[in-house]
1. Answer yes or no as to whether residue B:384 is at negative phi and surrounded by 24 or more Cβ atoms within 10 Å (Cβ to Cβ).
2. Residues of segment B:424-439 being among the β-branched types (Val, Ile, Thr) and either more than 7 Å from chain A (Cβ to nearest Cβ) or in contact with a Leu (Cβ under 8 Å, 6 or more places away or on another chain) (or both), which ones?
3. Examine segment B:389-403 for a residue that is surrounded by fewer than 23 Cβ atoms within 10 Å (Cβ to Cβ) and more than 14 Å from residue B:459 (Cβ to Cβ), and state whether such a residue exists.
4. From the residues in segment A:204-221 that are in a loop (DSSP other than H, G, I, E, B) and touching a Lys or Arg at 6+ places or on another chain (Cβ under 6 Å), which one is farthest from residue A:45 (Cα to Cα)?
5. Can residue B:436 be described as surrounded by fewer than 18 Cβ atoms within 10 Å (Cβ to Cβ) and polar (S, T, N, Q)?
6. Can you spot a residue in segment A:88-106 that is more than 22 Å from residue A:181 (Cβ to Cβ), of a type in the set (Phe, Trp, Tyr) and either away from chain B (no Cβ under 12 Å) or without any contact (Cβ under 8 Å) to a residue 60 or more places away in the chain (or both)?
7. Quick one: which residue in A:179, A:201, A:172 is part of a helix (DSSP H, G or I), modelled with pLDDT under 90 and under 14 Å from residue A:39 (Cα atoms)?
8. If you scan segment B:299-334, which residues turn out to be part of a helix (DSSP H, G or I) and of a type in the set (Gly, Ala, Ser)?
Amino acid sequence: MMLELRGVTHRWSDTAGQAQGWIAKDLNWQVSRGETVALLGSSGSGKSTLLRMIAGLEQPQQGDVLWADEVITHLAPERRQFALMFQDFALFSHLSVQDNVAFGLREQGLGKAAARRQAVEALTSMGLANRADASVWSLSGGEQQRVALARAWVTRPKLLLLDEPFSALDADRRAQLRDEFKTWIRAHDMTCILVTHDEADARAMAERAWRLQDARISQLW
Amino acid sequence: MTPSTRRGLNASHLVGWVPLLFILVWAVLPLARLGWEGWLQVQDMGWSLLWQPWQDAYLRGRVLWSVAQASASTGLALVLGVPIGWVLVRWHFWGRQWVVRALMLPFVIPTLVAALAVMALWGSWFEQGPVLLILGNLFFNLCLIVRGAMGGFDSVSASRLAAARSLGATPWRAFWRLEWPTAKPAVWAAACLVFLYCLSGFGLALLLGGQAWATAEVEIYTRVAHDLDLPIASVLALWMLLISGLVVAVYARLSLSRVERLRGDRVPVRMARWGNGAWSVGLSLLVLLALNFGPLAALLVRALQASPAAWQHAWGDEAWLALGNTLRFTVLGVSLAAVLGAMHGWAARASGWWRAMGMAPLVTSPVMIAFGLLLLWPQWLDQLWVLVCAYALLAIPLVAAPVAQAVQQVSPRWVDAARTLGATPWRAFWRVVWPQVIPSWRRGLAFAAATMVGEFAVTLLLSRPEWLTLSTYIYQLLGRPGALNAQAAWVMSASLMALSLLVFTLLDVRSNTKPESDARSK
């Protein structure tokens with residue numbers, strides 16, 4: 001197993017720090033290398049929080065996150081090499097499209113020119129070469145989505161985490177992008193976790209799927 | 001709260017301690033020393049001294065008049081400013097953009113210039129006294145309310161407004177039940193600031209009110225600088241600190257309320273036409289012209305009408321000394337504030353309490369700070385760094401407030417995204433947060449520099465002959481007899497106004513953000 005959640009227990013807290021409902025109760029979950037799995041759940045079920053725990057942006061109150069049998073619960077997010085694609089894409093508005101994509105490459109120590117070159121290559125393969133110098137505000141929803149994927153993918157992460165990536169799109173664009181994403185992920189042999197509330201997204205992209213409900217996880221297929 | 005967030009907060013507080021320590025040394029300690037002086041005097045002369053500002057009819061009159069003129073100015077600014085703010089947000093007309101920009105003018109106009117500008121336009125109708133003082137207060141503060149109201153009304157959601165209308169609300173009911181409640185926190189926060197500025201304002205009260213209508217601030221200055229009556233000055237300062245402190249607490253509470261608008265959900269601006277919006281636009285412009293832009297134009301006319309001899313007299317050796325000192329003190333003070341203000345702004349985003357502490361120098365009377373410094377370190381008052389640190393203290397909130405606001409607006413998800421893309425917390429700050437903050441920081445610096453160029457209250461109290469600045473030079477000219485000196489004061493005021501605007505424009509030239517700062521000199 002590549003990714004494993006072992007005995008994860010977590011309650012969400014309100015702004016005053018008071019513990020409220022459960023997100024996970026002694027949760028155990030495993031994801032194999034190279035597979036795309038979906039995590040389904042209704043709004044507020046805690047699936048995004050679970051994804052943030054895997055990314056290292058939050059830490060479970062109890063239990064561990066493991067990668068290749070190594071405990072990474074307290075490893076800083078930048079040292080995990082997992083890329084998270086956010087629901088609202090979180091593109092940096094002060095950077096151009098190509099500099100957004102080059103961001104992670106620069107953090108890996110690549111020079112500016114080389115990072116930009118690789119970013120443009122990634123954008124070209126996404127059909128966005130002509131938008132490299134554009135501002136992110138000028139992009140359509142679908143284009144922003146593809147830039148966000150390119151930014152996450154170009155650093156060659158060990159694990160790709162997608163948080164409701166299609167929720168902002170209309171039905172036609174959604175189906176088209178789902179296919180594009182699926183092709184991409186398979187072509188690059190990536191391990192991927194897709195968080196969604198839409199079963200159609202999960203069925204279209206994932207080989208296996210789980211549902212997070214009442215702080216418990218159960219396999220759907 | 002996650003451990004990483006907690007680490008972030010701790011780091012913020014560490015950064016924030018440096019400016020906070022500076023504020024502690026240069027604002028809190030002098031004020032505490034002032035309080036201690038009051039306490040000593042009370043112990044020395046008995047408890048009756050503490051109640052003297054309320055028992056003595058003259059002193060009670062000063063305190064009550066301070067509160068009354070601040071309340072009247074705030075009330076008038078609200079009555080005039082809220083409708084103007086609504087009109088400027090909802091109606092489009094030719095030159096609207098320029099009017100909105102010009103609303104920033106009073107923020108960068110030095111106090112003495114403002115006082116002379118108000119005198120230039122209204123001085124022939126009104127004597128020194130309450131009307132002129134309230135007109136002066138409105139010159140500065142009407143724009144503050146207008147800007148607050150604009151921000152508030154601009155955050156009204158178009159879809160919610162449409163929903164209210166479709167549920168049967170008339171335009172007036174929709175305004176009253178939806179628009180006003182949305183805008184209210186911003187308007188009340190601005191009103192608190194206006195009240196504080198009017199209460200603790202010094203330059204306007206000194207020049208426009210005169211001794212007969214002296215506010216408590218002017219009374220404190222007179223007792224310290226002319227009568228050497230420290231006991232009464234100290235207890236009067238204590239009471240004024242208490243009143244200001246209460247209003248600051250309300251302001252801190254209100255300024256933490258934030259209104260979220262859905263992205264792209266702005267109420268569309270309509271074109272004003274005859275019979276449809278033109279009257280409200282015309283009335284708004286007339287009020288702004290009379291109270292804000294008119295006085296500045298009148299001042300320019302007065303300066304241009306001055307004789308060549310007056311210009312020559314004004315720009316003598318003293319003026320060049322004053323100009324050199326003004327620029328030197330501004331550069332030194334603002335450089336220090338640039339670093340400390342940015343540090344405080346970063347730390348303040350994490351805590352309302354922290355933010356309120358940074359506001360302290362802005363809402364505390366400079367007269368009291370200078371008075372406290374006089375008592376605290378009398379042996380160092382001939383050192384230039386004391387004046388520079390006092391300048392920096394007054395400039396810190398002007399830099400910190402927009403920085404804190406900008407940092408708060410940076411989406412936490414951007415930082416998360418940067419972290420998952422391999423950036424350390426420091427790199428995420430440097431590459432994602434700071435570039436977003438720079439325009440606001442520059443804007444804050446521009447405000448700070450323009451304000452420091454015209455600083456008056458602290459300079460007047462700590463001033464030495466060799467530290468003459470343009471503000472104190474103008475004040476000296478006003479105190480000298482003869483028409484030539486009076487004309488020279490008009491000339492120097494216009495020159496100081498030009499310098500403030502030049503400094504602001506030069507620093508603000510690359511900043512494209514909306515003006516954030518609600519602060520200006522007193």
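The values are calculated or read from the model by the stated rules, or taken from the named source; none is laboratory data. All values derive from a computational prediction rather than experimental measurement. Don't worry about glycine lacking a Cβ; one is built from the backbone with ideal geometry, like all the others, and counts go over all protein chains shown.
1. Numbers: at negative phi: yes; surrounded by 24 or more Cβ atoms within 10 Å (Cβ to Cβ): no.
No, not satisfied.
2. Taking segment B:424-439 and keeping what is among the β-branched types (Val, Ile, Thr), we get B:424, B:432-433, B:437-438.
Within segment B:424-439, B:433, B:437, B:438 qualify.
3. no
4. Filtering segment A:204-221 for residues in a loop (DSSP other than H, G, I, E, B) gives A:206-207, A:214-215, A:220-221.
Keeping just the survivors that are touching a Lys or Arg at 6+ places or on another chain (Cβ under 6 Å) gives A:215, A:220.
Numbers: A:215: 7, A:220: 16 Å.
If we take residues in segment A:204-221 being in a loop (DSSP other than H, G, I, E, B) and touching a Lys or Arg at 6+ places or on another chain (Cβ under 6 Å), then A:220 is farthest from residue A:45 (Cα to Cα).
5. Working: surrounded by fewer than 18 Cβ atoms within 10 Å (Cβ to Cβ): no; polar (S, T, N, Q): yes.
Considered against the rule, which asks whether it is surrounded by fewer than 18 Cβ atoms within 10 Å (Cβ to Cβ) and polar (S, T, N, Q), residue B:436 comes out as no.
6. Initial filter on segment A:88-106 (more than 22 Å from residue A:181 (Cβ to Cβ)): A:93-96, A:99, A:106.
Going one step further and asking which of them are of a type in the set (Phe, Trp, Tyr), we end up with none.
No, because not a single residue in segment A:88-106 is more than 22 Å from residue A:181 (Cβ to Cβ), of a type in the set (Phe, Trp, Tyr) and either away from chain B (no Cβ under 12 Å) or without any contact (Cβ under 8 Å) to a residue 60 or more places away in the chain (or both).
7. Numbers: A:179 fails: under 14 Å from residue A:39 (Cα atoms); A:172 fails: under 14 Å from residue A:39 (Cα atoms).
Criteria check complete, one pass: A:201.
8. Going residue by residue through segment B:299-334, those that are part of a helix (DSSP H, G or I) are B:299-305, B:308-314, B:317-334.
Across segment B:299-334, the qualifying residues are B:303, B:309, B:310, B:314, B:319, B:322, B:324, B:333.
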